[in-house]
Amino acid sequence: MRAVSSDAQTSPPSVPGPSGLWRTVAEIERHVAADGWGAPLRLFALVRTADALARDPDLEWRLPANVVEEARADPDHLTSVEQEGVPEVADLDDLLAQLAWPRGVDGAALVVERILVPPDAEAEVRAATPGGDEAARARALAAHPLAEDVRIAVGVLRDGRHECAVRSRSKDSDGEVRTGADLVPGLVSALQATFSD
């Protein structure tokens, strides 16, 4: 496991008054974006930094000083810890159905790349590839002239709060990342379900 929190956490937010979760999701998306396109799914545990410091005082010496200072000033400050060894799966729902988080984890974030097409184009491809051949349908969608590669980052907390960030390959800059709580409600719900008792 690897903590993602870094000096990037002090960069100014691009919208006024962002929440700690919003900042964390934006930071995770930028962290993954630095590795370029074509990356596998990335999964992160989210922990309240102040609580983690209280449980493990030695953590103070392993985190950047500015992160420790921010956590002392903001009890909702989050540290993201990347989960290594996430299995590659054909179906994201299968992976999420297997996940469960220990009590010390306050939330989770997921970053995944997808191909999006307008609903009309998807209906057109579905009509042209009958018979339920999902592999052929996926290839046809990817080749569609209106297809758009996107990177989706979703973060959820146990209390139900959630945030999303979506970056398109055609507008691949930090200033063009769309953010909002309900950009990908299906993925939000699936990730929230990993915290069901």
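The values are calculated or read from the model by the stated rules, or taken from the named source; none is laboratory data. Please read these numbers as outputs of a predicted model, since none were measured by experiment. Note that each Cβ is placed from the backbone with ideal geometry, even for glycine, and that neighbours are counted across all protein chains shown. Accessible surface areas use protein heavy atoms only, side chains included; no ligands, DNA or RNA. Shrake-Rupley method; radii C 1.70, N 1.55, O 1.52, S 1.80 Å.
A few points about this structure:
- Structural descriptor for the chain: relative contact order 24 percent, calculated from alpha carbon pairs under 8 angstrom and at least 6 residues apart.
- Where labels lie 7 Å past Cα in the beta-carbon direction, separation of GLU69 and GLU84 in nm: 3.0 nm
- Percent carbon-and-sulfur accessible area, the chain, ignoring ligands, DNA and RNA, probe 1.4 Å: 53 percent
- Each stretch of four or more DSSP H residues adds -39500 (n - 2.57); spread over every residue of the chain, this sum gives -9500 deg cm²/dmol at 222 nm.
- Charge dipole magnitude, Cβ of K and R +1, D and E -1 - the range 158-197, Cα centre, debye nearest 20: 120 debye
- ALA143-ASP94 FRET efficiency (beta carbon distance; Förster radius 25 Å; 0.05 resolution): 0.45
- The string of couplings for the range 155-171 from the Karplus curve (6.51, -1.76, 1.60, θ = phi - 60°) is x, 10, 10, 4, 7, x, 5, 8, 9, 9, 9, 10, 10, 9, 5, 6, 10 Hz, one whole number per residue in order, with x for Gly and Pro.
- Of (i) 106; (ii) 158; (iii) 130, the label for volume of the Cα convex hull per residue in Å³ derived from the coordinates: (iii)
- Only Cα pairs under 8 Å and 6+ residues apart enter the sum, and on that basis the relative contact order of the range 83-177 stands at 28 percent.
- Placing +1 on each Lys and Arg Cβ and -1 on each Asp and Glu Cβ, with no other charges, gives the chain a dipole about its Cα centre of roughly 100 debye.
- Solvent exposure of the chain, expressed per residue, is 54 Å² of accessible area, with all protein chains present and a 1.4 angstrom probe.
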